[in-house]
Amino acid sequence: MEVIHKIGRRKTAVARVYVSKGKGNISVNKRELNTYFPTPTLQYKVKQPLALTENENAFDVKVNVYGGGITGQAEAVRLALSRAMVELDEENRGILKPEGLLTRDPRMVERKKFGQKKARKKFQFSKR
């Protein structure tokens, strides 16, 4: 098996994932997973596709991720890993799709409008 390359996006975060045969090492931006994503929730999100397909110790994963915040980045990595697991074995689609891991979340930040304070918040209005 050669290296599988997949891309995942969430909000403004973009993750490029390179999956190859190995012992289960995950490095994000040349740092260990536990140092880049310090909270257990984010670590769980990243490992979710590997855990559901029972490939936690079968592959080494290298991730380049940029943009957005850490939650968006973790979810972008999750989408990219899910896509890689499906390319590896088409049967994984039946496991990951019901969990919603193959769906690109389309929600983005709404743009700020002119004449307003934020996207929906208005400047204070005074009648008198």
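None of the figures in this text is laboratory data; all of them are computed from the coordinates on show. Here the structure is a predicted model, which means the values were calculated and not measured. When we count neighbours, we look across all protein chains shown, and the Cβ atoms used for this are built from the backbone with ideal geometry, even at glycine.
Condition check ((1) assigned to a helix (DSSP H, G or I); (2) surrounded by fewer than 11 Cβ atoms within 10 Å (Cβ to Cβ); (3) under 11 Å from the mean Cα position of the chain (by Cα)) across all residues:
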site: 20; (1), (2), (3): no, no, no
site: 27; (1), (2), (3): no, no, no
site: 86; (1), (2), (3): yes, no, no
site: 105; (1), (2), (3): no, no, yes
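Looking at segment 31-41, can you tell me whether even one residue there is within 21 Å of residue 86 (Cα to Cα), assigned to a strand (DSSP E or B) and not hydroxyl-bearing (Ser, Thr, Tyr)?
no
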For residue 56: the one exception among (1) assigned to a loop (DSSP other than H, G, I, E, B); (2) over 20 Å from residue 22 (Cα atoms): (2)
Residue that is surrounded by the most Cβ atoms within 10 Å (Cβ to Cβ), among those in segment 88-100 that are aliphatic (A, V, I, L, M) and either under 23 Å from residue 2 (Cα atoms) or touching a residue at least 60 places away in the same chain (Cβ under 8 Å) (or both): 96
Selected residue [closer than 14 Å to residue 101 by Cα and touching a residue at least 12 places away in the same chain (Cβ under 8 Å)] from 7, 26: 7
Hits in segment 53-70 - residues which are out of contact with any strand residue (DSSP E or B) (no Cβ under 8 Å at 6 or more places or on another chain) and under 23 Å from residue 12 (Cα atoms): 70
Residue identified as in a helix (DSSP H, G or I), closer than 15 Å to residue 19 by Cβ and β-branched (Val, Ile, Thr) among 46, 61: 46
Residue tally, condition of a type outside the set (A, V, I, L, M, F, W, C) and surrounded by 22 or more Cβ atoms within 10 Å (Cβ to Cβ), over segment 54-74: 1
Residue ID - farthest from residue 8 (Cα to Cα), chosen from residues in segment 107-117 that are surrounded by 11 or more Cβ atoms within 10 Å (Cβ to Cβ) and basic (Lys, Arg): 117
